[in-house]
Structures are given as structure tokens and as C-alpha cells.
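One structure is given below, encoded as C-alpha cells.
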Amino acid sequence: MNEHISEDSTAESDDEATLRAEIEVLREENRRLRAEYARARKSEYRRAALVLVGIGLLSGIGGILLTSAQTVLFALGGTGVFIGVLTYYLTPERLQPASVGQAIYRAMAQTQTSITAELGLAEERRYVPVDDGGEQSVRLFVPQHATFDVPDNDALSDVFVLGENDRQRGLATYPTGETLFERFEETKSGSFDTDPESMATQLAGALVEQFEVLDATDVESASERVTVAISGSSYGPIDRFDHPVPSFLACGLARGLDRPVAVEIEPREDGQGDALVVCRWDED
């Protein structure tokens, strides 16, 4: 009997050791694949940089040989070399899969949703521009009641907003789109447009081209409203609490228009793409 138990224990120990060895092999293979993927992406960036530099040099040589088109070729050559050098030296050192950011955001959204539910707050959301120590910023205000007034700047500096009366009570958080907008401001060329449709077009373009969190967008505008049709969200369903896509659009519009912006998520009637992000505001 004891020998039988001993044999079973030995078999279980061998199985456990085999399983651990297989897990370690899988971990090592996962690390190898990640490193290989990062090297491949860096190689793609650097090949593109070398191609741009090559085109720039060829354009410069063409400018020397073809005096009739010298100005254009020299300009093209200088641009190609400049962008190529930037691309080579600004190659990202670490690449994170979209699933990592999505997992981090999902945890934050679940926490915020639980807080608003336990406090019994309303379903309304307002992205409110505020003066944050002399600098413009945005707060996401979640009111306690469906019928509410937007609190003033000082009240929104607190997380739990008491306000001057019951209609101004609620929760004020730092929206995910605010930090994205700061990055957008640092890298954008030219001034930020004041027309709502132009602003929304710039913001939507940044989500696709700069931040790469969407595959495509389409902007439509009406009186006191812009609608952005989105496709291919890398952060999952956009109807979660303070999703980066509608948050970024609302923060940008709130800053540009200097007024609170409400966001609604609607399904696309054509069945194509993810959803419609509808941003509304009052002119008064």
C-alpha cells in the first residue's frame, strides 16, 4: 500500500516538474518572440529612414545636374534627408502591444464605474474646461442628479464636489483624454482651429495618425454638435467610463470652445465600424 502511494507521489512530482519545465520553455519563447518583434519593427523604421535619406541624396544630386529644377530638387532632397535622420534616431526602443494599454484602461474604467454606482451618481457626463493654476485644463464632472448645474472652477478642483447647492454635487476626475490632448498640443503643427468641425477633424486625425488608437474616422457637424464615426478602436468598446477616444475628442472641444461638452455614444446605422461619438455643447 505504501509503495503504491509512493509511486503515485513520484508520478505527481514528475508531472509537476514536467509542467514547470514546459511553462519555463513557453516563457522563454514568449520573451524571444517579443524581442524579435521589437527588432523587426526597429529594422522597419531604420530601413524607411535609409530610403528617405537615399531619396534626399538622389534629389540633391539631381539638383546639381538639372539646373532648371534645382530649387525643387534641393528642397525635396533637404526634406528627405531631414525626415530620414529623424526617423532613424527617433525609432522607438520599446513597443507595447495594444492589449497592455487596453487591460490597464479596463481596470481603471471598472473602478470608476463602481465608484459612480456606489455613490448613486447620474448617467450624465460633462467635460468642463477649468483654470488649473494659471493653465487651461479639463475636468470630467459626473453629477449626482440628472438635473444639475455645472460647478465653478474652484469646486471642480475637488474630487468629491459639494458645490454651492445640491444641483452642483457630484464627482470630478482627471479625464484620460486630457493627457492625450497635451501630447497632441506638443506635436501639432500650426494653431488649433476655432471652428468646431475643423477642431474635430484635427482631433480625429490625431487619433488615427498620431496615437494610432483608431483605424479610421469620419466627421460631421451641425449646430452645437459634432459627430465622429469611428472604426477599429484598440481600447475596446468605447461606451465604457471615460474611454480615451471620446474623452480626447471632448477634452479638445472643451478647450477649443471654452465651454462644457457632453458626450453620447450611438450605434452606427450602417452597421459599419464601431460607433458614433456625438459631442454636444450649449452656445450660451
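The values are calculated or read from the model by the stated rules, or taken from the named source; none is laboratory data. All values derive from a computational prediction rather than experimental measurement. All Cβ positions, glycine included, derive from the backbone under ideal geometry; neighbour counts span all protein chains shown.
So that you can scan it fast, the table gives a plain yes or no per residue for (1) closer than 17 Å to Gln136 by Cβ; (2) more than 14 Å from the chain's Cα centre (by Cα):
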residue: Phe181; (1), (2): yes, no
residue: Glu209; (1), (2): no, no
residue: Glu220; (1), (2): no, yes
residue: Ser231; (1), (2): no, no
residue: Val261; (1), (2): yes, yes
residue: Ile265; (1), (2): no, yes
residue: Cys279; (1), (2): no, yes
residue: Asp282; (1), (2): no, yes
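With under 21 Å from the mean Cα position of the chain (by Cα) and either at pLDDT 75 or above or among the aliphatic types (A, V, I, L, M) (or both) as the only criterion, which of Pro129, Pro143 stands out?
Numbers: Pro143 fails: under 21 Å from the mean Cα position of the chain (by Cα).
Criteria check complete, one pass: Pro129.
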(message) Here are the criteria: (1) among the hydrophobic types (A, V, I, L, M, F, W, C); (2) in a loop (DSSP other than H, G, I, E, B); (3) touching a helix residue (DSSP H, G or I) at 6+ places or on another chain (Cβ under 9 Å). Tell me which single one Val130 does not satisfy.
(response) (2)
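Hey, among Ser114, Ser157, which residue is touching a residue at least 24 places away in the same chain (Cβ under 8 Å) and under 26 Å from the mean Cα position of the chain (by Cα)?
Values: Ser114 fails: touching a residue at least 24 places away in the same chain (Cβ under 8 Å).
Exactly one residue qualifies, and that residue is Ser157.
Could you tell me whether Leu214 is crowded, with 18+ Cβ neighbours inside 10 Å and in a helix (DSSP H, G or I)?
On the way: crowded, with 18+ Cβ neighbours inside 10 Å: yes; in a helix (DSSP H, G or I): no.
Considered against the rule, which asks whether it is crowded, with 18+ Cβ neighbours inside 10 Å and in a helix (DSSP H, G or I), Leu214 comes out as no.
Checking the condition of a type in the set (D, E, K, R) and touching a Ser or Thr at 6+ places or on another chain (Cβ under 6 Å), which residue from Asp274, Asp218, Asp282, Asp239 passes? Before you say what the answer is, go through the steps one by one.
Working: Asp218 fails: touching a Ser or Thr at 6+ places or on another chain (Cβ under 6 Å); Asp282 fails: touching a Ser or Thr at 6+ places or on another chain (Cβ under 6 Å); Asp239 fails: touching a Ser or Thr at 6+ places or on another chain (Cβ under 6 Å).
None of the others qualify; the one that does is Asp274.
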(message) Show the residue pairs meeting these rules: Cβ distance below 7 Å; 6+ apart or different chains; first residue within the stretch 174-190 and loosely packed, with under 13 Cβ neighbours inside 10 Å; second residue at pLDDT 85 or above.
(response) none
(request) Return yes when Asp193 is in the same structural domain as Gly256 (by TED's automatic domain parsing), surrounded by 13 or more Cβ atoms within 10 Å (Cβ to Cβ), over 20 Å from Glu264 (Cα atoms) and at pLDDT below 90 and no when it is not. (result) yes
